[in-house]
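Derivation of every value follows stated rules applied to the coordinates shown; laboratory data play no part. In this text the structure is predicted, and so the values were computed from the model without any measurement. Cβ sites come from the backbone with ideal geometry, for glycine too, and all protein chains shown count toward neighbours.
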Amino acid sequence: MQDYKDQQDTAYTKDPGNRQHAVALKGLELDDQPYTHTQAANLNYQDADFYGQGLQIESYWRRSDALFFPDLSRGKAGISNNNSVQDVYGLRAAIDSALPSIGSATGNLVWGADYDNERSRQRGDQYAVNGLVYSKTGETFELGPDINTTTKALFGQMSWDIGDWTLRGGVRREWVESKVADSIAYGEIVQTGRRAVLPGDTLNYGATLYNLGAVYHLSGNQDVFANFSQGFSLPDLQRFMRDVQSNFNIQSLNAQAIKVNSYELGWRGHWDKWQADTTIYENTSDVTQFYDVNDRVLRLINQKERVRGIENNLTWRMTDRWSLGGTYAWAKGETRQNGKWIDLPATRVSPAKTTVFVGYTEDVYTLRLQAMRLASYDAAAKDRNGREIDGYTLVDLLGSVELPVGRLEGGIYNLSNRTYQNAFAQANARAPYANAQGRTLSVSYSLDW
């Protein structure tokens, strides 16, 4: 189970008159300050001998509740905050069945079904602003209609060990139903100030997804592998319909489910003192989804998209106590527009990231010093399809200690107290961007039973 909440309590905010720099001013008066509250619960059941097969049942529930600062004026709707709430629950049942051997080849089949339900809503309270004093006007907006999405699926996954080969293949059939409630079209309020009903409807989607993979065991220490898989997802329907007019035809979204084909090829190896792996991949889709940071609108376009990249990991156990390692990830994302490929913005593709670490382990405690470098990214800006991102380097110190009862974990993040703007703010927010957190101390206690 998990229950986590953080809430802002401050008298400071950005100077609204300074468009060049995010300068903090004292004097903020805002009763409902931003917060995030996440709750989750999982209950799992396993039976290793369920009529001669393995049975696993997983159930889950989680809630995300977040309130955002009222810092954006939108046309005739004025300034409002944003309270976003999602409730999700689901159930998954899988049976692991041994397959009859074929010569020396052995295999198994995992098959089952799953169910997922998500309810989401977003509301905004309008504010009157006088300097740094924020007062509710009593006006409330629906920032997109309430949506209830149910996903049902059947799946089967087969695996065979044949000599030095492991072969895998599977199929999954999904049925998705999204019930969109009637709402007051926020986009029409923004444009005209008129409150008009956006009729709801039910959207139905379906897809059959396949995956296929192979692993060749070069030796007891090394493998090479190749995989193909398909994924199926919906855009953020609620966010998409936040800005539409009341005459928008919701059924036009039926053709906008996003199906992605993923390909990967890689190598991995492990020895007494070394572990390493490298993977190259490509993801392709016929639908591009992006967030227009200037108009603050989610857009979907029927045009091809591809993301290619490489990921590398390396760890060296220098002694029984000391280890050294790092990772490197690079990706290039493009969408085909007007007959040519242009780069995707950093809202869709992460800039190249490099990490290095040194770790020390004793019987009851661990220490880890790590650094992360996020590279600058200007490819999308050159194609006029996104913003330029300034890179930055962060250093963290992490540790944990086993107590007589439980475990204490902690860290000092941004150890050098660097001043920077994180990539999310640079890619999504309106300038001037607020600085990211400075040096931060975090301590947690956990108990397993």
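Is the stretch 121-182 rounded, prolate or oblate when judged by the Cα gyration tensor, a ≥ b ≥ c being the square roots of its eigenvalues, rounded requiring a/c under 1.5 and prolate requiring a/b larger than b/c?
On the way: a/c = 10.80, a/b = 2.92, b/c = 3.70.
Oblate shape, in that a/c is at least 1.5 and b/c is the bigger or equal ratio.
Be a star and scan the stretch 344-371 for residues whose amide nitrogen sits under 17 Å from the point 7 Å along the Cα-to-Cβ vector of Ser416.
From the stretch 344-371, the list is 353-358, 369-371.
Let me check I've understood the local charge: for Glu139, count other residues with C-beta under 14 angstrom from its C-beta, Lys and Arg +1, Asp and Glu -1. What total comes out?
Numbers: positive: Arg74, Lys76, Arg123, Lys136, Arg194, Arg195; negative: Asp125, Glu142.
Local net charge: +4.
Highest first, please rank the peptides 215-227, 6-18, 371-383 by the mean number of other Cβ atoms sitting within 10 Å of their residues.
Values: 215-227: 14.2, 6-18: 12.2, 371-383: 17.1.
For the peptides 215-227, 6-18, 371-383, the packing ranking is 371-383, 215-227, 6-18.
Quote to one decimal, in nm, the extra length available between Asn338 and Ser97 on full extension: 0.36 nm per residue of separation minus the C-alpha distance between them. The partial results should precede the final answer.
Numbers: separation 241, 0.36 × 241 = 86.76 nm, distance 5.05 nm.
The span from Asn338 to Ser97 would gain 81.7 nm if fully extended.
How high is the relative contact order of the stretch 300-449, in percent, counting Cα pairs under 8 Å that sit 6 or more residues apart?
Averaging sequence separation for qualifying contacts and normalising by length gives 16 percent for the stretch 300-449.
By the gyration tensor of its Cα atoms, with a ≥ b ≥ c the square roots of the eigenvalues, what is the shape of the stretch 1-100: rounded for a/c under 1.5, prolate for a/b over b/c, or oblate? Spell out each step's value before the answer.
Numbers: a/c = 4.13, a/b = 3.49, b/c = 1.18.
It is prolate, given that a/c is not under 1.5 and a/b is the larger ratio.
Taking the Cβ of Phe225 as the centre, find all other residues whose Cβ is under 11 Å away and add up their charges (Lys, Arg: +1; Asp, Glu: -1). Walk me through the numbers on the way to the answer.
Working: positive: Arg168, Arg268; negative: Asp223, Glu264, Asp277.
Overall, the nearby charge balance is -1.
Quick one: if the Förster radius is 35 Å, what FRET efficiency do Ser219 and Thr366 give, using the C-beta to C-beta distance and rounding to 0.05?
0.70
Give the Cα extents of the chain along the principal axes, in whole Å, largest first.
Extents along the principal axes: 77, 52, 51 Å.
Which one of Thr192, Gly112, Val176 has its Cα pushed farthest toward the positive end of the charge dipole of the chain, where Lys and Arg give +1 and Asp and Glu give -1 at the Cβ?
Selected residue: Thr192.
Express in nm, to one decimal, how much length is gained between Val405 and Thr150 on full extension, taking 0.36 nm for each residue of separation and deducting their alpha carbon distance.
Working: separation 255, 0.36 × 255 = 91.80 nm, distance 4.15 nm.
Using 0.36 nm per residue and subtracting the Cα-Cα distance, I get 87.6 nm.
What lysines could a cross-link reach from Lys179, if we take a straight Cα to Cα line under 30 Å and drop same-chain neighbours fewer than 8 places away?
Lys5, Lys76, Lys152, Lys259, Lys304
Starting from the Cα of Glu29, step 7 Å along the direction of its Cβ; do the same at Arg373; then give the gap between the two resulting points in nm.
5.0
Rounded to the nearest 0.05, what FRET efficiency do Asp9 and Ala381 have when you use their Cβ-Cβ distance and R0 = 45 Å? Intermediate results must be reported in sequence, preceding the final value.
Values: r = 37 Å, r/R0 = 0.82.
Once rounded, the FRET efficiency stands at 0.75.
What does the charge dipole of the chain about its Cα centre add up to, to the nearest 20 debye, if the Cβ of each Lys and Arg holds +1 and the Cβ of each Asp and Glu holds -1?
Numbers: 46 positive and 53 negative charges, 298 e Å.
Charge dipole of the chain: 1440 debye, to the nearest 20.
Counting other C-beta atoms within 10 Å, which of Ile310, Ile102, Ile389 has the fewest, and how do the rest follow?
Details: Ile310 15, Ile102 10, Ile389 25.
Sorted ascending by nearby Cβ count, the order is Ile102, Ile310, Ile389.
Evaluate the distance, in nm, between pseudo-label points positioned 7 Å from the Cα of Arg308 and of Ala66 along their respective Cα→Cβ axes.
For Arg308 paired with Ala66, the spin-label model returns 3.2 nm.
What's the FRET efficiency of Asp272 with Gln20 using the Cβ-Cβ distance as r and R₀ = 51 Å, to the nearest 0.05? Write down the numbers at each step before the final one.
Values: r = 56 Å, r/R0 = 1.09.
It comes out at approximately 0.35.
Tally Lys/Arg at +1 and Asp/Glu at -1 over every other residue whose Cβ is under 13 Å from the Cβ of Ala41; what's the total?
On the way: positive: Arg62, Arg63; negative: Asp3, Glu58, Asp87.
Summing Lys/Arg as +1 and Asp/Glu as -1 gives -1.
Does the stretch 396-449 come out rounded, prolate or oblate, given a ≥ b ≥ c as the square roots of the eigenvalues of its C-alpha gyration tensor, rounded meaning a/c under 1.5 and, failing that, prolate meaning a/b above b/c? Mind dumping the intermediate values first?
Values: a/c = 5.06, a/b = 2.61, b/c = 1.94.
Prolate shape, in that a/c is at least 1.5 and a/b is the bigger ratio.
The stretch 126-144 to the stretch 65-100: how many Å between their Cα centroids?
23
Full extension from Asn130 to Gln39: what is 0.36 nm times the residue separation minus their Cα-Cα distance, to one decimal in nm? Please list the in-between numbers first.
Numbers: separation 91, 0.36 × 91 = 32.76 nm, distance 3.56 nm.
Answer, rounded to one decimal: 29.2 nm.
³J(HN,Hα) across the stretch 160-173 via Karplus (A = 6.51, B = -1.76, C = 1.60, θ = phi - 60°), whole Hz, x for Gly/Pro?
10, 9, 10, x, 8, 10, 10, 10, 9, x, x, 9, 9, 10
Relative contact order for the stretch 356-434: what is it in percent, counting Cα pairs under 8 Å that are at least 6 residues apart? Display every interim value, and only then the final one.
Working: 125 pairs, mean separation 19.1, N = 79.
Relative contact order for the stretch 356-434 comes out at 24 percent.
Hey, what did the stretch 97-256 get for relative contact order, percent, Cα under 8 Å, at least 6 apart? Don't skip to the answer; put the middle values down first.
Numbers: 348 pairs, mean separation 32.4, N = 160.
Answer for the stretch 97-256 is 20 percent.
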